[in-house]
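Below you'll find the structure, written out as structure tokens, and then a few comments.
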Amino acid sequence: MKLHNLKPAKGATKNSKRVGRGQGSGKGGTATRGTKGAQARAGYSHKIGFEGGQMPIQRTLPKFGFKNPTRIEFHAVNVAALQALSEKEGFTTITPEVIVSAGLASKNDLIKILGNGELTAKLDVTADAFSKSAIAKIEAAGGKATTL
């Protein structure tokens with residue numbers, strides 16, 4: 001294989017359509033723009049979504065949905081992750097700072113503790129919110145759940 005032998009794979013390249021190069025080319029004269037009208041002229045540009053006067057699709061489709069501007073979004077952390085954290089690092093007090101430093105959430109997240117998994121360690125957990133099952137599991141293990 002040499003540099004002068006290299007060429008693209010078959011079908012990978014395509015010649016561009018050369019318009020306005022005379023009648024013999026089949027694309028001369030109007031250069032595939034049709035006859036007359038704004039779209040045949042130089043400098044024509046249409047608005048985004050313009051479909052030639054036909055009702056645009058974004059106007060034919062109905063509006064739907066709702067974004068609640070006052071929604072509070074929590075980052076979920078399960079009690080199984082807290083159990084693993086206490087086993088690995090030896091923590092007995094879990095705060096949002098500990099959760100962030102462990103990489104379970106980012107510093108701007110509101111943290112909610114959920115009850116998925118098993119918890120055997122006695123932990124004092126502080127977070128922005130708790131599920132009922134998480135509180136039950138933390139207190140069953142002898143710990144304390146404190147809401148910020």
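The values are calculated or read from the model by the stated rules, or taken from the named source; none is laboratory data. Since this is a predicted model, take the numbers as computed values, not measurements. Here the Cβ positions follow ideal geometry from the backbone for every residue, glycine too, while neighbour counts run over all protein chains shown.
For beta carbons closer than 8 Å, sequence separation of 6+ or different chains, a first residue in the range 38-51 that is among the hydroxyl-bearing types (S, T, Y) and a second that is at pLDDT below 90, the qualifying pairs are Y44/A38. For the range 94-122, taking the residues that are farther than 13 Å from K137 by Cα and touching a Ser or Thr at 6+ places or on another chain (Cβ under 8 Å), the one that is surrounded by the most Cβ atoms within 10 Å (Cβ to Cβ) is identified as I94.
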